[in-house]
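See below for the structure under consideration.
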C-alpha cells in the first residue's frame, strides 16, 4: 500500500496548518466484510477516508492537507457536489491523486474544468459503475421541497451506495429525507448528514433513518446539531439500528 505524498510547494503556499492541526486521522473499524474490515478515518465535517480490501477511498476531501498526513494516498476520490465544504480544489491539488479515479457528478466536473480529465468517472443519479473491486451506485441528494432556488437541486449532486464485498455502505452527501433515501434496502453502514439550513434537522434525519433502518449509522456533517438527540430518536423508532457517535469537530 502506498503512503500519501503531499505536494510540498502547494502545501507551503496554501495550507499553513492551524495550531493543533492533526497529523493524521484515527481509524475506526466501522464494519466487518467478507473481504476484511472497513476502516473509517473521520477528518472533519463532511470529509473522511475509508480503507478496505487494499483500497483507500477519500470522500469530499477539503481543508488543511496536513489532516491527511499519515494516510495512504487515494485509489478513489468520491465527490458529492461542488459546495466549498465538499469540494476544495486547493486541497485536491495538495494531495497525491496521480493514481486515483475521481468519481463525481457532472456539476463537479464542470467546476474542475479540464483537471483530472483522464481520471474522471462521471456519474448521474441512478448510475451504477464497478471500480477497484467495488460497485458504486449514485443516489439522488436534494432538498425538500424541490424549488428552483434550492441549495441542492435534484440531479446536481450524488450520494453513493458502495457495495464492498458482502456489505453495502451509504454516503448521503447533502440531502434531506428523500424518497430515494427512505427506499434504500440492506444498508449495513450509513453516514447521514444533518444541519440546518443546508440539509435537514435531527428529527428529519432520525425519521428517514428509521425508515430505511441501516444496521449501523454515523451522523456526520452535523455542525451545531444534537447528535445525542438523534441517537435517542432513532432508537425510539428503530431500536435495532446501531447509532455510533464520533466527534467530527474535535479541535
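The table for this structure:
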item	result
Residues (in contact with a strand residue (DSSP E or B) (Cβ under 6 Å, 6 or more places away or on another chain) and assigned to a loop (DSSP other than H, G, I, E, B)) located in the stretch 98-134	100, 105, 116, 123, 125, 127, 132
Residues of the stretch 81-122 satisfying the condition of being touching a residue at least 60 places away in the same chain (Cβ under 8 Å) and closer than 20 Å to residue 52 by Cα	95, 96, 99
Candidates 228, 185, 146, filtered to the one that is modelled with pLDDT of 95 or more and farther than 24 Å from residue 42 by Cβ	185
Single residue of 142, 160 found to be within 18 Å of residue 60 (Cα to Cα), out of contact with any strand residue (DSSP E or B) (no Cβ under 6 Å at 6 or more places or on another chain) and surrounded by 21 or more Cβ atoms within 10 Å (Cβ to Cβ)	142
Qualifying residue in the stretch 196-203 (condition: at pLDDT 95 or above, part of a helix (DSSP H, G or I) and either within 20 Å of residue 60 (Cβ to Cβ) or over 17 Å from the mean Cα position of the chain (by Cα) (or both))	yes
Residues satisfying the stated conditions in the stretch 39-62, i.e. more than 19 Å from residue 92 (Cβ to Cβ) and crowded, with 24+ Cβ neighbours inside 10 Å	40, 52
Test set (1) without any contact (Cβ under 8 Å) to a residue 40 or more places away in the chain; (2) assigned to a loop (DSSP other than H, G, I, E, B) - residue 192 fails condition number	(2)
Residues within the stretch 68-81 that are outside any loop (DSSP other than H, G, I, E, B) and surrounded by fewer than 24 Cβ atoms within 10 Å (Cβ to Cβ), tallied	3
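The values are calculated or read from the model by the stated rules, or taken from the named source; none is laboratory data. On a predicted model such as this, the values are computed, not experimentally measured, just so you know. Cβ: placed from backbone, ideal geometry, glycine included. Neighbour counts: every protein chain shown.
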